[in-house]
Number of protein chains: 2
Amino acid sequence: MASSETARLINRSVVLDAIRTNQPISRADLARQTGLQRSTISLIVDQLIEERWVAEGDVGQLPRGRKPRLLYLNMDRAGIVGINIMPHVTKLALADLSVRFTTQESMPTLPNPKVFLEALCARVQNLLSAHREITYEGIGVSLPGRVDYLGQRLVFAANLGWRQIDIKGPLERATGLPVQLENAANACALSEVWSGPHEGLRDLIAVTVSEGIGTGIIANGQLVRGANGAAGEFGHVCLDEQGPPCNCGSRGCWEVLASNAAAVRNYTCGISENSGKRNASGRRELATSFADILSLADRGDLKAQETLDAMAHYLGLGIAMLVNGLSPSVIVIIGEVTRAWKRVGPIVEQVVKERARMDAGTRIVPTDDTMQPRLRGTIALVLQKHFRPRLFA
Amino acid sequence: MASSETARLINRSVVLDAIRTNQPISRADLARQTGLQRSTISLIVDQLIEERWVAEGDVGQLPRGRKPRLLYLNMDRAGIVGINIMPHVTKLALADLSVRFTTQESMPTLPNPKVFLEALCARVQNLLSAHREITYEGIGVSLPGRVDYLGQRLVFAANLGWRQIDIKGPLERATGLPVQLENAANACALSEVWSGPHEGLRDLIAVTVSEGIGTGIIANGQLVRGANGAAGEFGHVCLDEQGPPCNCGSRGCWEVLASNAAAVRNYTCGISENSGKRNASGRRELATSFADILSLADRGDLKAQETLDAMAHYLGLGIAMLVNGLSPSVIVIIGEVTRAWKRVGPIVEQVVKERARMDAGTRIVPTDDTMQPRLRGTIALVLQKHFRPRLFA
DNA sequence: ATATTTTGTTCGACTGTCGAAATAAATGGC
DNA sequence: GCCATTTATTTCGACAGTCGAACAAAATAT
């Protein structure tokens, strides 16, 4: 069911998104870029200025003719709250419309979801009352688990041991702001196509490598959530029928072979086999975390390097699966392993080349973890509703 | 860029598709179903009748009040040509708007693409001139290979040995009709959501099992073609690193483990190992085709049954991958193997249950091959343009 | 000063939907 | 047969939105 108002909504979001991604920009340039008439652009921009989404700035420089008035997103218009729940730590942030963080905080993720949620709500309320100068539009939450397809409830989070938790309800009651939940990998994928070098890509996959492996899929420019939001568990695809058991009940899952946890397990098993290894300085070292393995490999520990190589091999095998099946333009890798990409990357590329046809030229790209893609994704999640509303399926 | 005309186009296709899927239907019911005003429905229907897409039929029966005039799709309005190119045989058909075949023919698929294309064009021209009473809207072509993302060229077809063949051009020049190419598995998936029990499903995967394995993915109601149309090759995902070599250069690909060709290979190897098997009547039998294996298994041949069981096991493993990763509402299995689904189905279900979380309730459904899903898909492919035009990404 | 160029606005034409009222057609009770 | 009731369809004026041409504004070059 569409009317002239539908047309307005479509054009409005086209113009708003064009301003977002091209600011500063003049009305005339907007007309050229969107294909709309200059008169129409003026009307829509007037409306956006009235709603305070857009602000008029200085005049631009041109060689000839009347100088254009440049348009910007009005950063004072709204802030967004981002919450990234991870197995041990939860991060909170306030961001503006260009996904710049103005405040960041951390808190422990408590094992009891009820207790944790109470603490989280209090923390968010504090944060909001400390920054009353800006009105906040909404809260985006990313977490390592499955969310139902409307972003309403957490259905299952293996690494947290949580099941059927209503996170949206308490947060909305505590803050009065609309809350959107999303799986962490999905949030990362969204973040990638929202801004930065992969902005606007219509086929992209984000692979999060930490304790497990998650996949966020964007196809035809939309997140693939599957029936009831259960898509994205490529981490539990069986790549080796006789492989080690996984806590999902299967064995040889991709994430049992290629996650950080897998690397730690492999490394410590190796140590017991070889009854200890010595590093360059002669001291025996035990890796208790994946970070340890990374630094050990860096300092020349052969066993750690082999562990990474094996991880890279299996990463490649799973990525080849994604390339074969979905052929995205880009696959983004997220996680600590990217810090060793100089070593890991070539192995991944090699395995993918052997196992997948790369005609479509899929690029495999590590992400800078300091960009906090999970957190940035939560912001994109909320902004999406305003800037790219899904008007028609 | 949207205008009031865009709104019209949207509403027009909404109404047309509602008539298609609910015919016969009255204007008043259309208004109730689409949410448009009765007056608007009348205007749009007038236009559709003028364009001869829709025809007014008899009056319907109601307990009280004025009787409605029922609307139908006008079957005389247009026909569609469907061409399904398979490794040995190519099928041609003429169909009406409700995807009923009015004519069907077959011809051999010749190894030389140039020669074959000439023969195909001649055949289509014959077919069209023999049925001049109806004007044809377009030609849909399905083939076992990859097509670039605009449906323009065949990029690569392993089983045919063809590469970079322009199929669209010659056919369009020969007939003057617009031609749409699509990968066979994609065509099947489209056919499934176009009509029949899975009509309108937004997340569905079609798995074609023949010499290879193809996957056609529909997510968020749209075909997933990937960058440059290269998606859908889950058949070449490596499920066993040490598995048999595949002609794609890798080894242990799903289709090397679970296709018809794999079954034939396994069966004949088994025969050479056991130096021959005897069936119930005591005669030694050699399976030269997958159909042989099916009938042998049916007649109690143990080795054939074991072969099918192994095939089922690997089919399940690959399907579990699709369930984990994409979680569609339905996975449709297409191919001769469905004829033995009574035996194969339970094994597949069992493996999927062990290897994938089925929270979302994905159903695995064999398709009746006599429905010719590949051919039906080509028709849906063409009709899609008229009935569900993609106005906005 | 004046012509030129480019930006931004104004206004009437056009397209399309909405919603209320009018018209059409059928049933059932009197 | 006549009238109230019900449901379907059409008619028509109001409203929203874009288009496109004309106009006004602002800056530069001559």
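The values are calculated or read from the model by the stated rules, or taken from the named source; none is laboratory data. All values reported here derive from a predicted model rather than from experimental measurement. Cβ atoms come from the backbone with ideal geometry, glycine included; neighbour counts cover every protein chain shown.
Of the residues screened, residue A:220 is not one that is more than 22 Å from residue A:86 (Cα to Cα), in contact with an Asp or Glu (Cβ under 7 Å, 6 or more places away or on another chain) and in contact (Cβ under 8 Å) with a residue 12 or more places away in the chain. Within the range A:104-158, restricting attention to residues that are among the polar types (S, T, N, Q) and touching a residue at least 12 places away in the same chain (Cβ under 8 Å), the residue that is farthest from residue B:361 (Cα to Cα) is A:135.
Looking only at the range A:355-365, residues that are touching a residue at least 24 places away in the same chain (Cβ under 8 Å) and surrounded by fewer than 20 Cβ atoms within 10 Å (Cβ to Cβ) come to 4 in all.
The residue that is farthest from the other protein chains (Cβ to nearest Cβ), among those in the range A:240-258 that are touching a residue at least 12 places away in the same chain (Cβ under 8 Å) and over 23 Å from the mean Cα position of the chain (by Cα), is A:244. Does the range B:129-144 contain any residue that is assigned to a loop (DSSP other than H, G, I, E, B), under 23 Å from residue B:230 (Cβ atoms) and in contact with a Gly (Cβ under 9 Å, 6 or more places away or on another chain)? Yes: one or more hits. Take residue B:2 and decide whether it is of a type in the set (A, V, I, L, M, F, W, C) and either within 14 Å of another protein chain (Cβ to nearest Cβ) or within 7 Å of DNA strand C (Cβ to nearest atom) (or both). Criteria met by residue B:2. Is at least one residue of the range B:99-109 crowded, with 17+ Cβ neighbours inside 10 Å and under 30 Å from residue A:1 (Cα atoms)? For the range B:99-109, residues crowded, with 17+ Cβ neighbours inside 10 Å and under 30 Å from residue A:1 (Cα atoms): present. Within the range A:210-239, the set of residues being surrounded by fewer than 21 Cβ atoms within 10 Å (Cβ to Cβ), within 7 Å of chain B (Cβ to nearest Cβ) and assigned to a loop (DSSP other than H, G, I, E, B) comprises A:220, A:221. Among the conditions (1) among the polar types (S, T, N, Q); (2) part of a strand (DSSP E or B); (3) within 16 Å of DNA strand D (Cβ to nearest atom), residue B:84 misses just one, which is (3). Based on this model, can you work out whether residue B:300 counts as at pLDDT 85 or above, on the phi > 0 side of the Ramachandran plot and either assigned to a strand (DSSP E or B) or more than 8 Å from chain A (Cβ to nearest Cβ) (or both)? So residue B:300 fits the description; yes.
Out of everything in the range A:34-46 that is under 21 Å from residue A:388 (Cβ atoms) and more than 32 Å from the chain's Cα centre (by Cα), what residue ends up being surrounded by the fewest Cβ atoms within 10 Å (Cβ to Cβ)? The residue in question is A:43.
Within the range B:256-266, is there a residue that is surrounded by fewer than 24 Cβ atoms within 10 Å (Cβ to Cβ), in the same structural domain as residue B:383 (by TED's automatic domain parsing) and at pLDDT below 95? No: zero hits. Residues that are more than 33 Å from the chain's Cα centre (by Cα) and on the phi > 0 side of the Ramachandran plot do occur in the range B:64-73, at least one of them.
The numbered conditions (1) within 14 Å of chain A (Cβ to nearest Cβ); (2) in contact (Cβ under 8 Å) with a residue 24 or more places away in the chain; (3) part of a loop (DSSP other than H, G, I, E, B) are all true for residue B:12 except (3). When the range A:42-70 is filtered for residues that are near DNA strand C (Cβ under 8 Å from one of its atoms) and not aliphatic (A, V, I, L, M), the ones remaining, listed by number, are A:42, A:46, A:60, A:63, A:64, A:65, A:66, A:67, A:68, A:69. Would you say residue B:89 is over 23 Å from the mean Cα position of the chain (by Cα), surrounded by fewer than 17 Cβ atoms within 10 Å (Cβ to Cβ), more than 16 Å from DNA strand C (Cβ to nearest atom) and not polar (S, T, N, Q)? Here the answer is no, as residue B:89 does not meet what is asked.
Just a yes or no: is a residue in the range A:139-157 charged (D, E, K, R) and surrounded by fewer than 21 Cβ atoms within 10 Å (Cβ to Cβ)? Checked the range A:139-157: at least one residue is charged (D, E, K, R) and surrounded by fewer than 21 Cβ atoms within 10 Å (Cβ to Cβ). For residue A:168, the conditions (1) over 12 Å from the mean Cα position of the chain (by Cα); (2) in contact (Cβ under 8 Å) with a residue 60 or more places away in the chain are fulfilled apart from (2).
When you check residue B:39 against the structure, is it more than 8 Å from DNA strand C (Cβ to nearest atom), among the small types (Gly, Ala, Ser) and in the same structural domain as residue B:62 (by TED's automatic domain parsing), yes or no? The answer is no for residue B:39. Would the range A:15-33 turn up any residue that is buried (at least 17 other Cβ atoms within 10 Å of the Cβ), within 11 Å of another protein chain (Cβ to nearest Cβ) and either touching a residue at least 40 places away in the same chain (Cβ under 8 Å) or within 12 Å of DNA strand D (Cβ to nearest atom) (or both)? Taking every residue of the range A:15-33 in turn, at least one turns out to be buried (at least 17 other Cβ atoms within 10 Å of the Cβ), within 11 Å of another protein chain (Cβ to nearest Cβ) and either touching a residue at least 40 places away in the same chain (Cβ under 8 Å) or within 12 Å of DNA strand D (Cβ to nearest atom) (or both).
Residues in the range B:24-36 that are within 10 Å of DNA strand C (Cβ to nearest atom) and small (Gly, Ala, Ser): B:31, B:35.
So that you can scan it fast, the table gives a plain yes or no per residue for (1) closer than 18 Å to residue A:189 by Cα; (2) part of a helix (DSSP H, G or I); (3) within 14 Å of chain B (Cβ to nearest Cβ); (4) under 19 Å from the mean Cα position of the chain (by Cα):
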site	(1), (2), (3), (4)
A:309	no, yes, no, no
A:321	yes, yes, yes, no
A:340	no, yes, no, no
A:346	no, yes, no, no
A:349	no, yes, no, no
A:353	no, yes, yes, no
A:370	yes, yes, no, yes
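Could you look through the range B:64-78, keep only residues that are within 16 Å of DNA strand D (Cβ to nearest atom) and part of a loop (DSSP other than H, G, I, E, B), and pick out the one that is farthest from the other protein chains (Cβ to nearest Cβ)? Here the residue is B:64.
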